[in-house]
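The values are calculated or read from the model by the stated rules, or taken from the named source; none is laboratory data. Just so we're clear, the structure is a prediction, and the values are computed from it rather than from any experiment. When we count neighbours, we look across all protein chains shown, and the Cβ atoms used for this are built from the backbone with ideal geometry, even at glycine. Areas reflect the complete protein model, heavy atoms only, side chains present, ligands, DNA and RNA absent. Shrake-Rupley method; radii C 1.70, N 1.55, O 1.52, S 1.80 Å.
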Amino acid sequence: MSDENDARLVRLFSPDWRKNAVRTNKYTWYNFLPKNLLEQFSQVGNLYFLIVALGQLIPAISNTKGRPATLLPLSAVVFMQAVKDIFEDWQRVQSDTKENSREVGLF
């Protein structure tokens, strides 16, 4: 017996049938920054150095007198990774566009 959730209805002459497109990119222009930062700081190494940099901002517990010495290298690593992610995602978008523009033959 088939559930209502298992049923699938395909309408061939619906206006939406041509909108079948491949999309493999991870980011959009509005979600890149939060999504990328979340991915980068979910890595243990980046999170550790972020916590160390935040600890260096507190003069009472820091030996750097309130100057976050690890913030510059951490920022450089995060920035370089973000640039790499943008480049890879742009390549995915170009590949998807090429694939979606191909003609499909009907049998």
* **Which numbered condition W29 fails, given (1) open to solvent by 60 Å² or more (accessible area, probe 1.4 Å); (2) modelled with pLDDT under 85; (3) assigned to a loop (DSSP other than H, G, I, E, B)** => (2)
* Asked: Between residues in the range 57-84 that are touching a residue at least 40 places away in the same chain (Cβ under 8 Å) and closer than 30 Å to Y27 by Cα and residues that are part of a helix (DSSP H, G or I) and open to solvent by 90 Å² or more (accessible area, probe 1.4 Å), which pairs lie under 9 Å by C-beta distance while being six or more apart or on different chains?
  -> A82/L33
* Asked: M80 passes all but one of (1) at pLDDT 85 or above; (2) surrounded by 13 or more Cβ atoms within 10 Å (Cβ to Cβ); which number fails?
  -> (2)
* Asked: Could you say whether any residue in the range 55-75 is modelled with pLDDT under 90, touching a Pro at 6+ places or on another chain (Cβ under 6 Å) and assigned to a helix (DSSP H, G or I)?
  -> yes
* What number of residues within the range 83-107 satisfy the criterion of being farther than 13 Å from A21 by Cα, among the hydrophobic types (A, V, I, L, M, F, W, C) and open to solvent by less than 100 Å² (accessible area, probe 1.4 Å)? -> 2
